[in-house]
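Below is one structure, written out as structure tokens; the observations come after it.
Since every read-out is calculated from the coordinates, none of them should be taken as a lab result. The model shown is predicted, which means the values in this text are computed figures rather than measured ones. Cβ sites come from the backbone with ideal geometry, for glycine too, and all protein chains shown count toward neighbours.
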Amino acid sequence: MSSIWDGVVIGAAGGAIAGITVYSVRMAHEWIRDRFEGKRVYEWVLENTKNEDGNRFCSTRTIASWNNLTEERVRYLCSQHSKIFLSTGANEDMWSLYERQVQPRVRSL
């Protein structure tokens with residue numbers, strides 16, 4: 001009877017360790033993929049936008065097309081990236097970089 005319980009405990013422990021390992025590898029893979037693709041999207045937006053009117057933003061569809069990603073994936077990556085922001089103006093689904101944001105003019109006295 002004792003050997004049966006030993007087998008059950010060993011099997012359960014092995015299964016738990018295997019499950020945790022598979023989960024950890026999957027999470028690490030997703031994190032690495034997000035970082036590489038996010039960097040690729042950021043660099044593309046940096047190269048293809050300018051700090052001038054009419055060229056500050058680019059659409060999700062354009063980013064997705066040039067980077068071979070789905071639009072949903074681009075939305076996710078851009079929303080998670082710390083240097084990319086979504087337009088809140090009249091044009092929806094347009095992205096730009098915080099460094100391209102128009103700075104308010106300060107009046108000097």
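Numbers at a glance
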{"item": "Helices (runs of 4 or more DSSP H) wholly inside region 1-105 that include at least 3 residues being among the aliphatic types (A, V, I, L, M) and in contact with a strand residue (DSSP E or B) (Cβ under 6 Å, 6 or more places away or on another chain)", "result": "none"}
{"item": "Residues (surrounded by 16 or more Cβ atoms within 10 Å (Cβ to Cβ), of a type in the set (A, V, I, L, M, F, W, C) and within 14 Å of Ser96 (Cβ to Cβ)) located in region 45-70", "result": "Val45, Phe57, Cys58, Ile63"}
{"item": "Filter result (under 13 Å from Leu77 (Cα atoms) and not small (Gly, Ala, Ser)) within region 35-51", "result": "Arg35, Phe36, Glu37, Lys39, Arg40, Val41, Tyr42, Glu43, Trp44, Val45"}
{"item": "Considering residues of region 59-75 that are within 25 Å of Trp31 (Cβ to Cβ) and in contact (Cβ under 8 Å) with a residue 12 or more places away in the chain only, the residue farthest from the chain's Cα centre (by Cα)", "result": "Trp66"}
{"item": "Exclusive hit being surrounded by 10 or more Cβ atoms within 10 Å (Cβ to Cβ), over 19 Å from Glu72 (Cα atoms) and free of Cβ contacts under 8 Å to residues at least 12 places away in the same chain, set Ile32, Ile17", "result": "Ile17"}
{"item": "Selection count, region 44-58, where residues are of a type in the set (D, E, K, R) and either in contact (Cβ under 8 Å) with a residue 12 or more places away in the chain or at positive phi (or both)", "result": "2"}
